[in-house]
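The structure appears below as structure tokens.
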Amino acid sequence: MAPHLSVVIPVYNEEANILHLWTRLSKVLRENFDDRGWEVVMTDDGSRDMSLDMLLEIARLEPRLKVVEFNKNYGQHAAIFAAFAQTTGQVIVTMDADLQNPPEEIPKLVAKMDEGFDIVGGLRQGRQANDSVFRTMPSKIVNAITRKTTGINLHDYGCMLRAYNREVIDAILNCRERSSFIPALANSFAKRITEIPVAHAERAAGDSKYGFWRLINLQFDLLTSFSLLPLQMLSVLGVAISALGFMLFIGIMIYRFIDPAGTVEGIFTLFAILFFFIGCQFIAFGLLGEYIGRIYVEVRDRPRYMIKKVHKRE
């Protein structure tokens, strides 16, 4: 019989957190979901420490834990996709392995899903006190752009503690694109979406795997995978610059008739304007290149990841 709840956790170099995570997580699941059935799917994303060995030792004793072993590191989203493919539950909850997402919050998400929602997102509370401004500010920017891009007014797209129903996960697994922002992709297949406040803790041990450049790459995934807005903005910018250039030309011609000797003095201003236009062109080329590069990656149709083995006690 398929379990009601599946918990998905990507793992990368988290040996300092795994035992503590499993102790807390398994306690929550046994106390709240033993009667409905549960399973946990963890993907080892090419860890270079003892994370995989520790997961396999737990799986040897716990038949409700599956461990997906990658042959190398493919990134968090690939690890989540691989774990999704191994789940069988009706409700799927994702969370991080660093205990910033407290496992004790899972029953709140499932209870909200029982009200008939397709997706329940977590809205992290107290994050300002736990994370630096260099983490919170990029997250705010990502959230604002995601709301604009998807048209769904959620406040914390960066929170990994989220719940999805089976139909949404099945739809996600049918999508083959390599670059994708899972929360935004899931929203495109859901009708009833909400978010609830969840606790947010400091990282228990180790270092964050989601640095500034990964946030930048995530933002490009979001913009190029779900919206033509950057290309449309380039068209608007082109029209605006053309209009500005035409008005500048008219202004220079008028100024030349009024004061012919003064036109030479404005040559450095013209150079500044020229450099501005050149900068705009390079930005445009960069955005176009980003789209073309991602098209190239998709056309090659290489797999997102390679699974070495799925470990499960029979």
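The values are calculated or read from the model by the stated rules, or taken from the named source; none is laboratory data. Computed from a prediction, not measured in an experiment: that's the story for all the values here. In this analysis, Cβ positions are derived from the backbone assuming ideal geometry, glycine residues included, and neighbour counts consider all displayed protein chains.
Quick look at the values:
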quantity	calculated
Every residue from the range 105-127 that is free of Cβ contacts under 8 Å to residues at least 24 places away in the same chain and not aliphatic (A, V, I, L, M)	114, 115
Candidate set: the range 292-314, residues that are in contact with a helix residue (DSSP H, G or I) (Cβ under 6 Å, 6 or more places away or on another chain) and either part of a helix (DSSP H, G or I) or aromatic (Phe, Trp, Tyr) (or both); chosen: the one modelled with the highest pLDDT	305
Yes/no for residue 188 being more than 15 Å from residue 80 (Cβ to Cβ) and modelled with pLDDT under 60	no
Qualifying helices (runs of 4 or more DSSP H) (wholly inside the range 1-119; at least 1 residues being over 27 Å from residue 185 (Cβ atoms) and assigned by TED's automatic domain parsing to the domain that holds residue 176)	18-33, 51-61
Test: residue in the range 103-115 that is surrounded by fewer than 17 Cβ atoms within 10 Å (Cβ to Cβ) and either of a type in the set (A, V, I, L, M) or at pLDDT below 95 (or both)	yes
Hits in the range 45-57 - residues which are in contact (Cβ under 8 Å) with a residue 24 or more places away in the chain and surrounded by fewer than 19 Cβ atoms within 10 Å (Cβ to Cβ)	48, 49, 50, 56
